[in-house]
Amino acid sequence: MNGMFSNRRRVRPRRQAGLTLIELILTLAISAIVVSMAARLAINYMSTTDTATWVAQVQHDISRFSRLLKTEVNEACLVQVDGTSPTSATACTPPTAGCSTTAGTTLYLLLPVTLGDGSVVNRVISYSRNGSELRRTGPPIAADGSLDTSLSDVANVVVMDNLVNASSGFAPSVDSTCTTASLSVQYAVPNGGGTVSRTHVFPIGVNFTKS
């Protein structure tokens, strides 16, 4: 009898398939951590991508603004900052006392325009900052990019709307001969992208009329 019983194998109780409560809790906790990390990575990626998109847009705006200013300053016969605004009666001659070289808030351009009958009239264009906007007042720009001198001036046209809302946002100055404009401009990148600073220097392209 003893031998018979000794040859019999002991049968252990079989473990039921599936997860225990502790294993299930650990699995859920690990899954939550993984999902949280993935969400953070996704948010960081989207934020970085969004900032890069805004930076690219600001660079595009800077390029467009630079081309516009370069064209209009190049067509001017006189540039001036603050003080008394030039008028259509202002002559394209260097002022006796010269121009102040102190940075101001408004840039004035005096442009001689040849009309269809051959006569020449002077038109004034101004650029100034209002809050975060850079505004232009002067003859409207035609579809081909030229000045439409047949129409009256259009005031406060927004040419940029992402300047830093401070004096550093737009600080124009000119040289003592009133022939070169220097624009210190600071652009704000939306979505916490910081700021971009640029200095644009443009000489006039029209010679002064000799008196």
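The numbers here are math on the coordinates, done by the rules we state, and not lab data. Owing to the predicted nature of the structure, the values given are computational and were not obtained by experimental measurement. Glycine gets a Cβ as well: all are built from the backbone with ideal geometry, and neighbour counts include every protein chain shown.
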Sort THR102, THR149, THR179, THR93 so the one with the fewest other Cβ atoms within 10 Å of its own Cβ comes first.
THR102, THR93, THR149, THR179
Quick shape check on region 118-181: root eigenvalues a ≥ b ≥ c of the Cα gyration tensor, a/c under 1.5 is rounded, otherwise prolate if a/b tops b/c, else oblate, and it reads oblate
State to the nearest 20 debye the size of the charge dipole of region 127-211 about its Cα centre, where the only charges are +1 on K and R beta carbons and -1 on D and E beta carbons.
220 debye
Could you give the length gained by full extension between LEU115 and ASN156, i.e. 0.36 nm per residue of separation minus their alpha carbon distance, to one decimal place?
12.3 nm
Of 26-34, 127-135, 184-192, ordering from highest average Cβ density within 10 Å down gives 127-135, 184-192, 26-34
Using the Cα centre of region 79-211 as origin and beta-carbon charges of +1 (Lys, Arg) and -1 (Asp, Glu), tell me which of LEU109, VAL159, GLY194 is placed farthest towards the positive end of the dipole.
GLY194
For region 129-208 and region 65-89, compute the distance between their C-alpha centroids and round to whole Å.
10 Å
Computed for region 48-203: size of charge dipole around the Cα centre, +1 on C-beta of each Lys and Arg, -1 on C-beta of each Asp and Glu, debye to nearest 20, value 240 debye
The exposure ranking of MET160, MET37, fewest beta-carbon neighbours within 10 Å first, is MET37, MET160
Exposure-ranked with fewest Cβ neighbours within 10 Å first, SER126, SER150 stand as SER150, SER126
Jot down the per residue volume, in cubic angstrom and as a whole number, of the convex hull over the alpha-carbon atoms of region 48-203.
108 Å³
